[in-house]
Amino acid sequence: MINTIRAEVVTIGDEILFGQITDTNTQWISTELTSIGIRTVRKTSVGDQAEAILDSLREAHQRADLIIITGGLGPTKDDITKKTLCTYFGVGMVRSQIALDLVTSFFVKRGREMTDINRAQAELPAKAEYVQNDWGTAPGMWFDYNNGDGRNVVYVSLPGIPFEMKSLMTHRILPRLKDQFETPVIKHKIIRLVGIGESFLAERIETWEDALPPHIKLAYLPSFGQIRLRLTATGIDEATLDRELAEQVATVMPLIEHNVFGFDTDELETVVGKLLLERGLTFGTAESCTGGYVAAQMTKNPGSSACFQGGIVSHANSVKINLLGVDPAILNQFGAVSEQTVRQMAEGCLRTLGVGVALATSGIAGPDGGTPDKPVGTVWIACATANGTVAKLLKLGQYREQNIQLTTAYGLNMVREELLK
């Protein structure tokens, strides 16, 4: 039986806690550790205070077999990770000649003067094994440590700059971790769904979920209008796990296939784009409440110009009338947020842009503008093709950004469903 290797990631820096930067390091590190069978059990962020760092390391030692630390390795006074590690391990600082030679070479190649502060980058805690940083002067460090409790824990200290950290992890740390630890195989399979709520989905697949074997776990990962079902299998043989995951997907699919749009890294907009290309159709949008967000999703991926012709942001009624040909009488009688108007918007987009498929959105995104008859969150969407037009009423919530993203997801799914008919 292979034991699970537990990892903890500790990120250091006031800028993280102040919200001045987004910590992407922990997500990337956890993904890479999972790929080699090491499970991240906790992520901790602490500021540039020695006691806070020491406390986090002491606590992590009780939980983890591997502790990865990022940040605080620069040359300035607020970078205190190395000094704090000296305190933690009860050692002094020593100069690494290898590190000094590489730092010197770094500055010589760039024609820059090296100062005493830069030379200090070659000072490392006495217990540290230097890990070469090919992209900067901040050292990587590896510690094998036993604090007397009988457990040997590996500590890895890395620079916080993402591209330096990723290079060190990819080329230096991950290969060594694979050699040092006997790890299980961890495999993921993600089923991507749209147009169903999390609670409804859970109820629908409850019997299947309860019957999953102990080594296969299920997680629900909801986002705006979408849900990812992540199956995680743990074992010792990759081929066996792949087969078991495929069998579980085949078993659950009859229960959810109407809402499944893809797997693993598939995105709704790329799935729609592939369907359009397969059918030799072009696509355009007429957006009011979404303000071009549908078009932005369609065009964020390379190659989208092969199927996406363009979009019209028809926020004002005059644009709906003059560019899309919406009947003024329809607007006067039913309003901009109505089935009648959104149908004419989609059909007008079909004509104006000369596309095979058109999606229109019109609604009250909020936070203001609602009425008793049409409260905030009232949205109409319509999809027009040569075979006709379909429309749907959405009753969403009070939050503008959420309403825009939900409308986009439901609208693209409507296009997907029409293309599949």
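Computed from the coordinates by the stated procedures, all read-outs in this text should not be read as laboratory data. None of these values were measured; they are calculated from a predicted model. With ideal geometry, Cβ positions are generated from the backbone for all residues, glycine too; neighbour counts draw on all protein chains shown.
So which lysines can K421 reach, going by Cα to Cα under 29 Å and dropping same-chain residues fewer than 8 places off? Leaving aside lysines fewer than 8 places away in the same chain, those within reach of K421 are K189, K274, K300, K320, K392, K395.
Which whole-number percent is the relative contact order of the chain (Cα, under 8 Å, 6+ apart)?
Working: 783 pairs, mean separation 45.0, N = 421.
Relative contact order comes out at 11 percent.
What's the magnitude of the charge dipole for the chain around its Cα centre, counting Lys and Arg as +1 and Asp and Glu as -1 at the beta-carbon? Answer in Debye, nearest 20. List each step's numbers first, then the result.
Details: 40 positive and 48 negative charges, 112 e Å.
That gives a dipole near 540 debye.
Across segment 376-381, computed HN-Hα scalar couplings (Karplus, 6.51 cos²θ - 1.76 cosθ + 1.60, θ = phi - 60°) run 3, x, 7, 9, 10, 10 Hz from first to last residue, x flagging Gly and Pro.
The alpha carbon gyration tensor of segment 185-263 gives principal lengths a ≥ b ≥ c with a/c of 1.5 or higher and a/b greater than b/c, which makes the shape prolate.
Relative to the Cα centre, the charge distribution of segment 5-180, modelled as +1 at Lys and Arg Cβ and -1 at Asp and Glu Cβ, gives a dipole magnitude of about 380 debye. Relative to the dominant Cα principal axis of the chain, helix 339-353 is inclined by about 80°. Per-residue ellipticity at 222 nm, computed for the chain from helices alone with -39500 (n - 2.57) per DSSP H run of at least four residues, works out to -11500 deg cm²/dmol.
Find how much the distance from R204 to E417 grows on full extension, using 0.36 nm per residue of separation minus their present alpha carbon separation; answer in nm with one decimal. Could the numbers behind the result be given before it?
Values: separation 213, 0.36 × 213 = 76.68 nm, distance 2.08 nm.
Taking R204 through E417 to full extension adds about 74.6 nm, to one decimal.
Taking amide H positions as modeled 1.01 Å from N, with prolines and chain starts lacking one, the residues under 5 Å from F263 and 5 or more places away or on another chain are R192.
Segment 376-421 and segment 243-299 have their alpha-carbon centroids 14 Å apart. Net charge dipole, segment 271-396: roughly 240 debye, given to the nearest 20, about the Cα centre with Cβ charges of +1 for Lys and Arg and -1 for Asp and Glu. Taking a ≥ b ≥ c as the square roots of the Cα gyration tensor eigenvalues, the chain comes out prolate, since a/c reaches at least 1.5 and a/b is larger than b/c. The 3J(HN,Hα) values that the Karplus relation (6.51, -1.76, 1.60; θ = phi - 60°) gives for segment 155-170 are, in residue order, 10, 10, 10, 10, x, x, 5, x, 5, 6, 4, 5, 4, 4, 4, 5 Hz. Gly and Pro appear as x.
Straight-distance candidates among the aspartates and glutamates for linking to K83, with alpha-carbon spacing under 16 Å and chain neighbours fewer than 8 residues away dropped: D48, E51, D55, E123, E129. In the chain, the longest principal axis of the Cα atoms and the axis of helix 400-420 are about 70 degrees apart.
Distances between placed amide hydrogens fall under 5 Å for L323 paired with no residue 5 or more residues away or on another chain. In the chain, the longest principal axis of the Cα atoms and the axis of helix 25-35 are about 90 degrees apart. Answer rounded, prolate or oblate for segment 5-180, using the Cα gyration tensor with square roots of eigenvalues a ≥ b ≥ c: rounded when a/c is under 1.5, else prolate when a/b is larger than b/c, else oblate. Note, shape of segment 5-180 comes out rounded.
The phi-based Karplus calculation (6.51 cos²θ - 1.76 cosθ + 1.60; θ = phi - 60°) puts the 3J(HN,Hα) values of segment 5-18 at 8, 9, 10, 10, 10, 10, 9, 10, x, 4, 4, 6, 5, 7 Hz, whole numbers, x for Gly and Pro.
Going highest first, how would you order 393-403, 34-44, 352-362 by mean Cβ packing within 10 Å? Mind dumping the intermediate values first?
Working: 393-403: 15.5, 34-44: 17.9, 352-362: 23.9.
Highest to lowest by the protection proxy: 352-362, 34-44, 393-403.
Gain on full extension, evaluated as 0.36 nm per residue between N317 and E51 minus their Cα-Cα distance, stands at 89.7 nm.
Sum up the charges of everything whose Cβ sits under 9 Å from the Cβ of A60, counting Lys and Arg as +1 and Asp and Glu as -1, but leave A60 out. Before the final figure, lay out the partial values.
Working: positive: R42, R58, R63; negative: E8, E59.
Its environment carries a net charge of +1.
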